[in-house]
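Okay, so here's the structure we're looking at.
The values are calculated or read from the model by the stated rules, or taken from the named source; none is laboratory data. Nothing here was measured: the structure is a model prediction, and the numbers come from that model. Glycine also receives a Cβ, built like all others from the backbone with ideal geometry; neighbour counts cover every protein chain displayed. Heads up: the accessible areas ignore ligands, DNA and RNA and are worked out on the full protein's heavy atoms, side chains in. Shrake-Rupley method; radii C 1.70, N 1.55, O 1.52, S 1.80 Å.
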Amino acid sequence: MSVNLSGYYKLVSQENMDAYLKALGINIALRKIVCLLSPDKEIVQNGDHMTIRTLTTFRNYVMEFRLGAVFREDLGAVDGRTCMTTVNWEGDKLVCVQNGEKANRGWKHWLEGETLHLEMTVEDVICRQVFKKTK
């Protein structure tokens, strides 16, 4: 591992969120709310243990894990599902694979300078978010 993602980040751009949520089976009313949100992201990295907090005025989501270890992820706050999840480094990208009801589900985080990139996938849909580090 050559990157430390620790920091607090604010959303600066987002693309294809509605299609991503639709692929997850989220109803239109909730999709509209989520697409209006501007989440903050807080990442705490301590060796192979990580905590990623996605913070909004509507709902927060906390993901805590050990790199390389398979764990049961409760995504009830997101889409009501659970997945068997694994997160690992692939080069300078933090890559998450979420095995469950939906195919090709997961995400990738990586840094470019002070900019945090997040690419979320489900089935054949890709959603991208870009965050700026604030502290």
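Structural remarks
Table: residues versus (1) among the aliphatic types (A, V, I, L, M); (2) more than 24 Å from LEU111 (Cα to Cα); (3) in contact with a helix residue (DSSP H, G or I) (Cβ under 8 Å, 6 or more places away or on another chain).
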site: LYS22; (1), (2), (3): no, yes, yes
site: ILE26; (1), (2), (3): yes, yes, yes
site: LEU36; (1), (2), (3): yes, yes, no
site: ASN46; (1), (2), (3): no, no, no
site: ARG53; (1), (2), (3): no, no, no
site: ASP92; (1), (2), (3): no, no, no
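- Restricting segment 43-62 to residues that are under 25 Å from ILE28 (Cα atoms) and open to solvent by less than 60 Å² (accessible area, probe 1.4 Å), the residue that is farthest from the chain's Cα centre (by Cα): THR56
- Residues in segment 23-42 that are of a type outside the set (A, V, I, L, M, F, W, C) and open to solvent by less than 70 Å² (accessible area, probe 1.4 Å): GLY25, ARG31, PRO39, ASP40, LYS41, GLU42.
- Residue match in segment 110-130 (condition: open to solvent by 30 Å² or more (accessible area, probe 1.4 Å), among the basic types (Lys, Arg), in a strand (DSSP E or B) and in contact with a Leu (Cβ under 8 Å, 6 or more places away or on another chain)): yes
- Flag if GLN45 is touching a Leu at 6+ places or on another chain (Cβ under 8 Å) and among the polar types (S, T, N, Q): yes
- Segment 63-91: number of residues that are over 22 Å from HIS117 (Cβ atoms), open to solvent by 50 Å² or more (accessible area, probe 1.4 Å) and in contact with a strand residue (DSSP E or B) (Cβ under 9 Å, 6 or more places away or on another chain): 6
- Every residue from segment 12-43 that is polar (S, T, N, Q), in contact (Cβ under 8 Å) with a residue 40 or more places away in the chain and over 24 Å from ASN99 (Cβ atoms): SER13, GLN14
- Flag if LEU5 is open to solvent by less than 40 Å² (accessible area, probe 1.4 Å), modelled with pLDDT of 90 or more and in a loop (DSSP other than H, G, I, E, B): yes
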